[in-house]
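Report on the structure given below.
The values are calculated or read from the model by the stated rules, or taken from the named source; none is laboratory data. As the structure is a computational prediction, the values presented were derived from the model and not from experiment. Note: ideal-geometry Cβ built from the backbone for every residue, glycine included; neighbour counts use all protein chains shown.
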Amino acid sequence: MKARIGLLLVALCSAGGLWARDLGELYDRQTLSRAAAVYGPNIQGLFREDFLDRLTFQERVSLPNVHLETPLIGPQRSPWEFFALPARQKIVVPVLSIRFLDDLAITYAHLERHQCDREQLFNYLTRLFYDKRFPAIPPRQALGIPADALDDPYVDDVSQKILKSTIYFLVGHEYAHLLYQHQGYEHITAAQAQAQESQSDTFALEIMRRIGVPPLSMAFFFTLASRIDPVPAAFSSTAEFERYLQKKQTHPLTGKRLQNVAGYLRRHADSYARLQANPTTWVSALQASATDIENLGRIVHDAQFRQFQLKRGLAATESQMRSACP
């Protein structure tokens, strides 16, 4: 098997009390094919015309054959799957994962726009990834988001900003794995893998700073990841969870990693906002986002609170999710 390095790639396994669930059919093939016709050219254009053009000469020539692929579904058949193949200088962003992120962004923007219960979106993630009895349905369907939600200019604008900045971050993160010649997780310790993740985060954020793309989606993205990341309550014992962290979970959300991301946003808020129509407003928004990420960094180490989140998510009913917006 080729070495694979991924960003927050979650491999759910029954050994840890988690369900090995195939979510490759979250969307039917026709839906994914239509999505590929839109996402594929746009992401390829972003990669070639925006991302590669902003690299330094050395960053570019170090990977002369790098390319990006957008298959319909990744090998893990997960909607949370983004990775790099160093031996092939290849970045892989499956359409399934892009569509899932897009739907999550639209759902979140709609809930925010109408001041609805946004926690139901995170409960949905818990049920989808932790409960094999929960139907494998997309987030907009699960939360009853109307088909014309994007007709609202606010929802359209916010969701597009979330998706665009997240894709920039993902591509930059995976490029960094290739650029720094990071090793596959099966060959290194958890501590080394976590250091690789932080280094890749920083590179991605630096590229976004060069382009002038404010990474306001980072708090949202990492919050999503925290609800998918394994928690102690999903294991039969504390000892089993600790063994999982040491042996299998090579790139969890750690407080240190999140603090590094928040610190970078704070230090470079002015630069990120320099191309926006109202830089002062954007700087304030970025500082607030950094605070949210710092708070998340404290939560991920609070085992009791994370277990509470897990139990609350698993207790959420389909009816409660659909009525998030009364």
Completion exercise
All conditions in (1) modelled with pLDDT under 95; (2) over 18 Å from the mean Cα position of the chain (by Cα) are true of PHE82 except (2)
Practice task
Looking only at the stretch 152-165, decide whether some residue is surrounded by fewer than 17 Cβ atoms within 10 Å (Cβ to Cβ) and among the aliphatic types (A, V, I, L, M).
Solution key: no
Practice task
Please identify the pairs in which a residue from the stretch 215-229 that is in contact (Cβ under 8 Å) with a residue 24 or more places away in the chain and closer than 11 Å to PHE129 by Cβ has its Cβ atom under 7 Å from the Cβ atom of a residue that is assigned to a helix (DSSP H, G or I) and among the β-branched types (Val, Ile, Thr), counting only partners at least 6 apart or on another chain.
Solution key: ARG227/THR126
Handout entry: Residue count, the stretch 43-64 (criterion: closer than 16 Å to PHE169 by Cβ and either of a type outside the set (A, V, I, L, M) or touching a Ser or Thr at 6+ places or on another chain (Cβ under 8 Å) (or both))
Key = 5
Practice task
Take the residues in the stretch 175-192 that are of a type outside the set (A, V, I, L, M) and assigned to a loop (DSSP other than H, G, I, E, B), then tell me which one is nearest to LEU286 (Cα to Cα).
Solution key: TYR180
Exercise for the section: For the stretch 166-188, name all the residues that are charged (D, E, K, R) and crowded, with 22+ Cβ neighbours inside 10 Å. Expected result: GLU174
Handout entry: From SER319, SER289, residue being within 23 Å of the chain's Cα centre (by Cα), closer than 28 Å to ALA149 by Cα and not basic (Lys, Arg)
Key = SER289
Fill in the blank from the handout: The residue from GLN249, GLN276, GLN307 that alone is modelled with pLDDT under 90 and assigned to a loop (DSSP other than H, G, I, E, B) is GLN249
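Table: residues versus (1) touching a residue at least 12 places away in the same chain (Cβ under 8 Å); (2) in a loop (DSSP other than H, G, I, E, B); (3) under 29 Å from ARG48 (Cα atoms).
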position	(1), (2), (3)
ARG99	yes, no, yes
GLU112	yes, no, no
LYS132	yes, yes, no
SER165	yes, no, yes
HIS173	yes, no, yes
GLN194	yes, no, yes
SER198	yes, no, yes
Handout entry: Residue list for the stretch 135-158, restricted to those being within 18 Å of LEU125 (Cα to Cα) and not β-branched (Val, Ile, Thr)
Key = PRO135, ALA136, PRO138, PRO139, ARG140, GLN141, ALA142, LEU143, GLY144
Exercise for the section: For VAL92, work out the one condition from (1) touching a strand residue (DSSP E or B) at 6+ places or on another chain (Cβ under 6 Å); (2) within 16 Å of ALA225 (Cβ to Cβ) it doesn't fulfil. Expected result: (2)
Completion exercise
Listed by first then second residue, the pairs whose first member lies in the stretch 65-87 and is farther than 12 Å from GLU174 by Cβ, whose partner is of a type in the set (Phe, Trp, Tyr) and outside any strand (DSSP E or B), with beta carbons under 6 Å and at least 6 positions apart or on separate chains, are PRO79/PHE100
Practice task
Return the residue satisfying two criteria in turn: it lies in the stretch 214-230 and is assigned to a loop (DSSP other than H, G, I, E, B) and surrounded by fewer than 22 Cβ atoms within 10 Å (Cβ to Cβ), and of such residues it is modelled with the lowest pLDDT.
Solution key: ASP229
Fill in the blank from the handout: Within the stretch 134-163, the count of residues that are assigned to a loop (DSSP other than H, G, I, E, B) and among the charged types (D, E, K, R) comes to 2
